[in-house]
Structure formats: C-alpha cells, structure tokens
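Remarks on the structure that follows.
No value in this document is a laboratory result; all are computed from the given coordinates. Just so it is clear, the structure is predicted and the values come from calculations on it, not from any experiment. Cβ placement follows ideal geometry from the backbone for every residue including glycine, while neighbour counts extend to all protein chains displayed.
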Amino acid sequence: MKRLSIECIILAFLIAFIAAAVHLKISHYTVEVDLVKKRIEEKGGFSEGFLKVFPDIYKHLSKPDPDSKHYSFVEIRLWLNLDYYKDKITTKDMALLISEILLEDTVDINYYVKDSILSICEGKDGQYGKTRLSSLGKPIPEAIPYITKLLDDAYPEIRFHAARVLINLGVREKPIEKLLELVNDDDANMRWDAALALVEIGAGEGIPEVLKLLRNRVGWNISDGWNWTRAFNIETIGKLGVTEAIPEIRKLLNDPHRYIRIGAIKSLCLLGVKEAIPEIKKLLDDEDEYVREAAKEALEKLEEEKKSE
C-alpha cells in the first residue's frame, strides 16, 4: 500500500511536470505569435483580404524552424495560380511575408526559396524544385529593404539575381558594386553574366571587363558546351552594341573552335561592321557548314546595309 502511494506521488509529479512544460511551451509559442504579429503590424500589417485567405499565417511565421516559413511562402505562391486568391493578395502583403522569411540569417534558407523570392519581386514566376510558383504579375518595390541583404548571400547566383532585380526596381549603386565584384568570380560563366549585365544596364564599368574577358581566352577550348556559352556571350556583345569590342571580336573570326567563329560573325553583323566583310568572306570556305551558313547570312545583311548608305 505504501509502495503504491509512492508510485502515485511519482506519477502525479510527472503529470504535473509535463503539464507545466506543455503550458510553458504554449505560452512561449503564444508570445512568439504575438511578436510576429507586432512586427508585421508596425510595418503596416497584412491586408484584410490576405488574412481571410491565410488566417494562420502568423502561426506559420512564428515557428522557429525555417522550413515552416518557407512552406508558407511556397504555399501562397501556389495559391496565386488561382485568380480568386491573386485578387486578395497585395504587393505589400508579399513584401511583409518576405520580410519575415529573410528576417534572420539567410544561410539556412533554401536556395530555391531565395531565388523564387527574387523572381516574385520582379513580377515573374518562380520555381521550387519541379513546382512552378506563380507571381502577382507585377513588381514588388516594397520588398527592396528586405531583399537587399541577398546581395551578400553565400551563393554567387543569388547575389547576381539580387543585383539584377534591385536594378530593375530602381536601385543602382550597391547592386552595381556587387556586379563589379562578380566579374572577378571564380566561375567563368558568372564573370561573363556580371560583365554583360553591367553593359546592359548602361554601367560604363562593364565595358573594360567585357574586353578583358574577350582577351583572356585561356580554357576556351575545354569543351563544346564551354565554347557554346562563350559564343553566346560574344553574340550578346553585338546585341548590346559594345563597339569598343570590335577589334577583339574580329580576331575571333580565326578562332580554332567553330562556335567562337560563329559567335564572332553574328556579333560583327549585329554591330554593322562592314569593314569585316573581306574577313567574313573567307569563312564562306570554312570547313564547318554552320560557320559557312553564318558567314553567308551575315554577308547578305552587311552588303545590303552597305548599298543603302
């Protein structure tokens, strides 16, 4: 009987301890929910329509694990595929949601979530794994203060994406500084992307970097894939009208790789370099049929332009 009493006391103690722990956890969770709600309301608060569609949003955002916040973002992006819900959500709602997701260190945030956040800020659809995430169809300038921190993200691709998005939203100084850093990135594709982005947005600093990349041909013949990317970049220089690059591009008409020769032909054609007609004519006898075809098309266009002068 005495032993039974002791066991009852121990059991009662355990029940009381568990109850206290649960109460403490619930109290702490309630406090966290209130803190999130207060932060959001200090920034203007979610719209009434948004809260009707997502009544548990504060609970999701108050959970300590990043995945819960990420899920909230992904879930809302999925609902945006339905026009009914899209009409209930404002750009300010999405900006406030982004502010909470990016509140802490972004190291633990999934790469695709960060990339998708930047896409939605541009008004473009994003991707989460194989899942397409819809956007509001318009830019979200209210998110500028929150996505600026992604300029210092661990992933160079995210830093590049953040710079492009911020520039499109009207911010220039810091994003341009970041692009200038990326032209010295270890990845060759990132260097090209950053340099071409600088030229595209009218930042004069990008032209010397493009010329440097054209001159630095180390490793250009590593593989077909590598050369195809280089050729695309050379053609892009023509599309962007970088006339300063013409002397370097003309040299590439004699490059040993066909993709580079094709890229150079197309770029010179886009730049309207009629002085290169004799050199391009020589490529009508090139060993590669695609080079010959590119040369033929370029010559037709350049000679037509020459006649109309």
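Here are the numbers:
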| read-out | value |
| --- | --- |
| Ranking of TYR146, TYR111 by count of other Cβ atoms within 10 Å, fewest first | TYR111, TYR146 |
| Estimated vicinal HN-Hα couplings, Hz - region 266-277 in sequence order (Karplus 6.51, -1.76, 1.60; Gly, Pro = x) | 5, 5, 5, 5, 4, 7, x, 7, 6, 5, 8, 4 |
| Ascending count of other beta-carbon atoms within 10 Å, so fewest first, for HIS257, HIS161 | HIS257, HIS161 |
| 3J(HN,Hα) from dihedral phi, region 207-213, Karplus parametrisation 6.51/-1.76/1.60, rounded to Hz, x for glycine, proline | 5, x, 5, 4, 4, 5, 5 |
| Distance violations [Cα-Cα > 28 Å] among LYS239/LYS306; LYS212/LYS306; LYS52/LYS149; LYS59/LYS174 | LYS212/LYS306; LYS52/LYS149; LYS59/LYS174 |
| Built amide H within the under 5 Å cut-off of ASP125, gap 5+ | SER135 |
| Cβ-based charge dipole, region 128-211, positive-most Cα from ASN168, GLY206, MET190 | ASN168 |
| Cα-based shape type of region 207-309, given that a ≥ b ≥ c are square roots of the gyration tensor eigenvalues and the cut on a/c is 1.5 | oblate |
| Other-chain or far-sequence residues with amide H under 5 Å of LEU169's (modelled H) | none |
| Neighbour-count ranking [beta-carbon atoms within 10 angstrom, fewest first] of TRP228, TRP192 | TRP228, TRP192 |
| Reachable aspartates and glutamates from LYS138, criterion Cα separation under 12 angstrom, eight or more residues apart if same chain | GLU122, ASP125 |
| In sequence order, calculated HN-Hα J values of region 294-303 (Karplus, 6.51, -1.76, 1.60; Hz; x Gly/Pro) | 5, 5, 4, 5, 5, 5, 4, 6, 5, 5 |
| Calculated FRET efficiency for the pair ILE277/ILE201, C-beta based, R₀ 45 Å, to 0.05 | 0.90 |
